[in-house]
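The structure appears right after this line, and notes come after that.
No value in this document is a laboratory result; all are computed from the given coordinates. Small disclaimer: the values here were computed from a predicted structure and weren't measured. Cβ sites come from the backbone with ideal geometry, for glycine too, and all protein chains shown count toward neighbours.
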Amino acid sequence: MDKLHVISLLLLISASVTTSQPVTDPIAFLRCLDRQPADTASPNSAVAFIPTNSTFTAVLRRRIPNLRFDKPTTPKPISVVAAATWTHIQAALGCARELSLQVRIRSGGHDFEGLSYISTVPFFVLDMFSFKSVDVNLTERTASVDSGATIGELYYRIAQKSNVLGFPAGLSSTLGVGGHFSGGGYGNMMRKYGLSVDNVVGSGIVDSNGNIFTDRVSMGEDRFWAIRGGGAASFGVVLGYKIQLVPVPAKVTVFKVRKTTREGAVDLIMKWQSFAHSTDRNLFVRLTLTLVNGTKPGEKMVLATFTGMYLGGSDKLLSLMNRGFPELKLKKTDCTEMRWIDSVLYWADYPIGTPSSVLLNATVDKKLFMKRKSDYVKRPISRAGLGLILKKLVEVEKVEMNWNPYGGRMGEIPSSRTPFPHRAGNLFNIEYLIDWSEAGENVERKYLALANEMYRFMTPYVSSNPREAYLNYRDLDIGSSISSTYQEGKIYGVKYFKNNFERLVDVKTTIDAENFWKNEQSIPVRR
Ligand SMILES: Cc1cc2nc3c(=O)[nH]c(=O)nc-3n(C[C@H](O)[C@H](O)[C@H](O)COP(=O)(O)OP(=O)(O)OC[C@H]3O[C@@H](n4cnc5c(N)ncnc54)[C@H](O)[C@@H]3O)c2cc1C
Ligand SMILES: *[C@@H]1O[C@H](CO)[C@@H](O)[C@H](O)[C@H]1NC(C)=O
Ligand SMILES: *[C@@H]1O[C@H](CO)[C@@H](O)[C@H](O)[C@H]1NC(C)=O
Ligand SMILES: *[C@@H]1O[C@H](CO)[C@@H](O)[C@H](O)[C@H]1NC(C)=O
Ligand SMILES: *[C@@H]1O[C@H](CO)[C@@H](O)[C@H](O)[C@H]1NC(C)=O
């Protein structure tokens, strides 16, 4: 080898070493942004917040609803890029590559494990907050909605144009469209219309090289399939979705009926298990299990809350309930008829009469420490089993549950149509909730252990091989990737996606073989 060759070889080695070593200096990041192609009106660095900017912390925190990831010890990004144009996104991705930084894409920030704004390696946040337009087309009955819009904004914009159109998505108005749709998206119209992703007809996405695909055809069917439930963070930056709106009646009916175990809740829950998934698909009755004080001091008991959403008037609902679930003794006075948009507020726990414009406020009003887990139930739980579960809930005290009935449209959609596989054969989904407001590592350890204890206790009653889970109820306990191997990915992958996991890996391997888009639960590349 002659001298020149040696030098060029050394240069090559040192170049590859320096590029694989992340550059963590925020100023270097700003300089990098300004070396990338830019729009004259808007320099790239002008939208990048770095720790020395006075507003950095506020911008980082504005979409961290979970106090568990809002501590001084939480890993911080070197920058939050509040992109306002596609050029800003391309520049940010260029610098991720050039400086070997990981990208965390954030829309609404509601990820239950904070994956949209936390990483253990040097990273920055690509914040989609500014992309929030919602265009409703009444002729087509469609809407184009940007990733940074909240579903509350989406619902509000639809209702401004029509009181007989709606969209099936989540029940909390501050969820971001970007993350919510890319993981499935369910709400109280699921039994009639399926998930949000079942009503997505188009999308736009940016790949790791900054190429922009503005529609379904240009991005390709595989990529379009993957981002409808497979978690878009494994595939690129979703700019937005085109959605098919669905008809809703001018008046819907909501109700809430509460019964404690002392008031016969056990019989009602037994009946609910056969009724809720098989009834008219215009009806969705969520069962919530919480604790209340008993009559003796210190005594606790389970309260079952049945929250109903009926796509129709109260008379029809009452006759339906009297035939199918007379034990609940639903009365006319329990029912409230309202516009669909007001039912959105009702389900999000706003007092009746609250103006719908609060849906435009993306600020989370009450931040808490939160942990969630999920399960699927395929066989009715026996009375004896239910008794044990209710007893256990009293014992672990802090853990609550939502039981969300499936059936109807959910049972008709083939499980491979989108990556979301939990379709026919599921009676209901369980969401385990534990929220607390006291800070401290010991308190946190205690509550996380209680959630795990309840989850372990439920093993005999829920799906197994795999024990299925819902991606949007992100839970790192079910498996997490450290070295991005297929074997690691498969552990959580089959729980979230069942047989669709292999196709997701194929799509990933085709469009992101270098594994640019990775996180603790991303889709692995096949090697
Ligand atoms: C209070 C609360 C209530 C909830 N209620 C429901 C409910 O009723 N129904 C339901 O189905 N779920 C519900 N969820 C779960 C919710 O659907 C998920 O947390 C969802 O991921 C939130 O989306 P986001 O944009 O707010 O989250 P983010 O934290 O911003 O993102 C979540 C994930 O998606 C990725 N991502 C975000 N934007 C993009 C993008 N533009 N391109 C590519 N990847 C992106 C992120 O990197 C991250 O991996 C609830 C969550 C909370 C906290
Ligand atoms: C943050 O500060 C740097 C200078 O240190 C500046 O270039 C950048 O534009 C600031 N970011 C914002 C969003 O103001
Ligand atoms: C709505 O869609 C129709 C049919 O595709 C189209 O002709 C029309 O221009 C659209 N309207 C708006 C306001 O975009
Ligand atoms: C339940 O009892 C506890 C004391 O055991 C008390 O602190 C709490 O306020 C009670 N809650 C309600 C809703 O009455
Ligand atoms: C938005 O909601 C937050 C939390 O409830 C509140 O503090 C804030 O004032 C609201 N902003 C507007 C513009 O209404």
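Worth pointing out:
- Geometric extent, Cα atoms of segment 381-502 - Rg, Dmax (angstrom): 16.1, 46
- Cysteine residues of the chain whose C-beta has no other cysteine C-beta under 4.7 angstrom: CYS335.
- The modelled label-to-label distance between LYS392 and LYS446, using points 7 Å beyond Cα along the C-beta direction, is 2.2 nm.
- Cα pair distances of segment 367-438 binned at 5 Å [whole percent]: 3, 14, 18, 22, 15, 12, 11, 5, 1
- A crude spin-label estimate for the pair ASN499 and ASP215, with each label 7 Å from Cα along the Cβ direction, gives 3.3 nm.
- Overall form of segment 299-388 per C-alpha gyration tensor (a/c, 1.5; a/b vs b/c): oblate
- Under 22 Å from LYS495, Cα to Cα: lysines that are on another chain or at least 8 residues apart: LYS371, LYS373, LYS378, LYS508, LYS518
- Only helices enter this figure: runs of n ≥ 4 DSSP H residues, each worth -39500 (n - 2.57), summed and divided by the residues of the chain, yield -9000 deg cm²/dmol at 222 nm to the nearest 500.
- Every Cα-Cα pair in segment 134-248 was counted, and those over 24 Å apart are 18% of them.
- For HIS277, HIS180, order by how many other beta-carbon atoms lie within 10 Å, fewest first: HIS277, HIS180
- Segment 99-142-segment 77-98 distance, computed between alpha-carbon centres (Å): 12
- Under the simplified labelling scheme, the SER54-SER278 pair shows an inter-label distance of 6.5 nm, with each label point 7 Å from Cα along Cα→Cβ.
- Alpha-carbon gyration tensor eigenvalues x 5, square-rooted, for segment 257-327, Å: 27, 11, 10
- Here r is the Cβ-Cβ distance between ARG323 and LYS367 and R0 is 51 Å; the resulting FRET efficiency, rounded to 0.05, is 0.70.
- From the C-alpha gyration tensor of the chain, square roots of 5λ in Å: 42, 26, 22
- ASP135/ALA41 FRET efficiency (R0 25 Å; Cβ-Cβ; nearest 0.05): 0.65
- Using alpha-carbon coordinates, inclination of helix 151-161 to the longest axis of the chain, degrees: 70
- Calculated FRET value between ASP34 and ARG527, using beta carbons and R₀ = 22 Å, to 0.05: 0.05
- Taking the fewest neighbouring Cβ atoms within 10 Å as the starting point, the ordered list for GLU221, GLU488 is GLU221, GLU488.
- In degrees, nearest ten, helix 441-457 long axis to first principal axis of the chain (Cα): 60
- Gyration tensor verdict on segment 369-408 (Cα atoms; rounded if a/c is under 1.5, prolate if a/b is larger than b/c, oblate otherwise): oblate
- Rounded Å value of the spacing that divides the Cα centres of segment 211-285 and segment 403-469: 15
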